[in-house]
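Novice: Have a look at this one.
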Amino acid sequence: MITRRALLAAPLLATPALAQGPARVVVIGGGFAGATAARALRRAHPALAVTLVTGTGRYFAAPLSNLLIAGLRSAEGHFFGFDALRAEGIAIVPERAEAVDPAARLVRLAGNPTALGYDRLIMAPGIDPVWGAVRGYDQRAADTMPHAWQDSAGTLLLRRQLAALRQGGLVVIAAPPTPYRCPPAPYERASLIAHVLKARNPSAKIMLLDSKDSFSQSAQFRQAWASLYPGLIEWVGLSDGGQVTEVDAGAGTVSTDFDTFKPDIANIIPPQRAAGIAASVADRTGWCPVDLDSFESRLHPAIHVIGDAAYAGQVGKSAFAAATQAQLVAGVVARALGGPVAAPAELASTCVSLAAPDWGFRIANGYHQQDGSYVEVPLPSTSRLDATPVQREAEGNFAQTWFDDATRASFL
């Protein structure tokens, strides 16, 4: 866990020569990490000039989007604006950050000659697909074979495809290698699609082709699949030829090293990396290495990277983890810019997966530093494999409770 001593020992955060007037903090990214960081920083140190570059006027929240894909949830409940943050004195810039100049401490905006200067920069840009990692899978292919992993358009396209699936049709879901955003989500997606097909299209089949031989919460998912969806979901791991190596969007085919399939729906979730705007603070892995106490970039000073783009050992890529990182960094940056010392935030991640709307399970971790990295520490709130149906239903309900609380804290 982050200790008060670690937080106070922040000469690794050398304070720059500040511009005249209030110190300037720019936050890139309007998701759970960025919005939470901007709000927490403004509240911790009201004298700061905090600017949030959102890239858009509304944010699409991905948690619970598998319910949306399955037709079990309204799309409108996933869109959030930034009026509440603006009302707290945060400057909202609904334009896309195009480039960062670490030497000049400038953020350049797409199509806008005006650059934003900063004394501290917090980057929370999220992820980008690695186009071409699966042969044939590029942005054009995603128009018919959606990944539905970060954008509303792809998510709603997959929802429409599922609603139109013919009787007895085949759905292929390709799960990527780690690391990627929200590790249990491909398996939750298969589960919730199976929930709908069981009622409306019981002769259909889901084939889950995986680039891994194991996956997050596999025991819980396998238990649920055997109980709820016998014969409906087929999982094929890496050792059994499950890795998708090529797609042909025109022909509608999906290929592994051993087989070629022609599914009615192909949901291709590609490998991922930190979003392109983070290129200046990403290493050869595609992710952004950070100092463990401050989440300051190991490549450039005065830039902090939080959320899915950051690499900090075993810290999970989840909205919950991103929000705790945002709280930690807000305290660190506020102090570095002359604000009060905040109580140190503790890093944690909780992820609730749904095998059905009334069948959920939770994995919860804290983190401690070990050998220069963060290591997971399982927390008691992690669901037990022998949980009762009542407990499973309570876990499922917690997913909605968490989503409501998290979006309220970040956006409302």
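Novice: Starting at 0 and stepping by 10 Å, how many percent of the alpha carbon pairs of the range 272-348 end up in each bin?
Specialist: 21, 51, 25, 3
Novice: Mind ordering 283-290, 105-112, 362-369, 49-56 by average Cβ neighbours within 10 Å, highest first?
Specialist: 49-56, 362-369, 283-290, 105-112
Novice: Spin-label point model (7 Å from Cα, Cβ direction): what's the R96 to D83 distance in nm?
Specialist: About 2.7 nm, to one decimal.
Novice: Calculate, in nm to one decimal, what R298 and A153 gain on full extension: separation in residues at 0.36 nm each, minus their alpha carbon distance.
Specialist: On the way: separation 145, 0.36 × 145 = 52.20 nm, distance 3.46 nm.
Gain in length upon complete extension: 48.7 nm.
Novice: Work the Kirkwood hydrodynamic radius out for the range 317-412: mean of 1/r over every pair of different alpha-carbon atoms, inverted, in Å.
Specialist: Working: mean 1/r = 0.0662 Å⁻¹.
Evaluated on the range 317-412, it is 15.1 Å.
Novice: How much of the pair distance distribution for the range 204-269 lies past 19 Å, counting alpha-carbon pairs only, in percent?
Specialist: Working: 770 of 2145 pairs.
Value for the range 204-269 (Cα pairs over 19 Å): 36 percent.
Novice: At each listed q (0.16, 0.17, 0.19, 0.21 Å⁻¹), what is the log10 of I(q)/I(0) that the Debye formula gives for the range 255-405 modelled as equal alpha-carbon point scatterers?
Specialist: Rounded to two decimals, the profile gives -1.00, -1.06, -1.15, -1.24.
Novice: At 1.4 Å probe size, with the rest of the protein present, what percent of the exposed accessible area of the chain is carbon and sulfur atoms?
Specialist: Values: 8930 of 16930 Å².
Carbon and sulfur atoms account for 53 percent of the accessible area of the chain.
Novice: Viscosity 0.692 mPa s, temperature 37 °C: what is the translational diffusion coefficient of the range 96-230 from Stokes-Einstein with a Kirkwood Rh over Cα pairs, rounded to a whole number of µm²/s?
Specialist: Details: Rh = 17.9 Å.
This corresponds to a translational diffusion coefficient of 184 µm²/s.
Novice: If all Cα-Cα distances of the chain are sorted into 20 Å bins from 0 onward, what percent lands in each bin, rounded to whole numbers?
Specialist: Percent of pairs per bin, in order: 27, 56, 17, 0.
Novice: What is the magnitude of the charge dipole of the chain about its Cα centre, with +1 placed on the Cβ of each Lys and Arg, -1 on the Cβ of each Asp and Glu, and no other charges, expressed in debye to the nearest 20? Can you show the working numbers first?
Specialist: Numbers: 35 positive and 35 negative charges, 147 e Å.
It works out to roughly 700 debye.
Novice: So, for the range 139-209, what is the accessible surface per residue at a probe of 1.4 Å, expressed in square angstrom?
Specialist: Heavy-atom SASA per residue in the range 139-209 reads 39 Å².
Novice: Right, another one. How far is it, in nm, from the label point at F261 to the one at S373 when both lie 7 Å from their Cα along the line to the Cβ?
Specialist: Each label point is offset 7 Å from its Cα along the Cβ direction, giving 3.1 nm.
Novice: As a test of the formula, what do you get for the chain when each DSSP H run with n ≥ 4 contributes -39,500 (n - 2.57) and the sum is divided by the residue count, at 222 nm and rounded to the nearest 500 deg cm²/dmol?
Specialist: Details: 9 runs with 108 residues, N = 412.
Result for the chain: -8000 deg cm²/dmol, rounded to the nearest 500.
Novice: Further question on the same structure: Taking the Cβ-Cβ separation of T253 and L228 as r and a Förster radius of 22 Å, what is the calculated FRET efficiency to the nearest 0.05? Walk me through the numbers before you get to the answer.
Specialist: Values: r = 30 Å, r/R0 = 1.35.
The computed FRET efficiency comes out at 0.15.
Novice: Sticking with this one: Please give the FRET efficiency for S74 paired with Q391, using the beta carbon to beta carbon distance and R0 = 22 Å, rounded to the nearest 0.05. Can you show the working numbers first?
Specialist: Details: r = 27 Å, r/R0 = 1.24.
Result of the calculation: an efficiency of 0.20.
Novice: Which order do peptides 385-398, 183-196 fall in by mean Cβ count within 10 Å, highest first? Kindly include the intermediate steps, with their values, before the conclusion.
Specialist: Numbers: 385-398: 14.3, 183-196: 24.4.
Top to bottom by mean Cβ count within 10 Å: 183-196, 385-398.
Novice: Report the label-to-label distance for Q167 and R58 in nanometres (one decimal), using points 7 Å from each Cα along the Cα→Cβ vector.
Specialist: Between Q167 and R58, the simple spin-label model gives 3.7 nm.
Novice: Considering only DSSP beta bridges where both residues belong to the chain, give the percentage that are antiparallel (nearest 5). Mind dumping the intermediate values first?
Specialist: Numbers: 34 of 66 bridges.
If we restrict to bridges inside the chain, about 50 percent are antiparallel.
Novice: Further, regarding this structure: Beta carbons within 10 angstrom, averaged per residue: use that to sort the peptides 262-270, 318-326, 242-250, highest first.
Specialist: Values: 262-270: 21.8, 318-326: 25.9, 242-250: 19.0.
Top of the packing list down: 318-326, 262-270, 242-250.
The values are calculated or read from the model by the stated rules, or taken from the named source; none is laboratory data. This structure is a prediction, so every number in the text was calculated from the model and none was measured. Cβ sites come from the backbone with ideal geometry, for glycine too, and all protein chains shown count toward neighbours. Side chains are part of the model used for accessible areas, which takes the heavy atoms of the whole protein and leaves out ligands, DNA and RNA. Shrake-Rupley method; radii C 1.70, N 1.55, O 1.52, S 1.80 Å.
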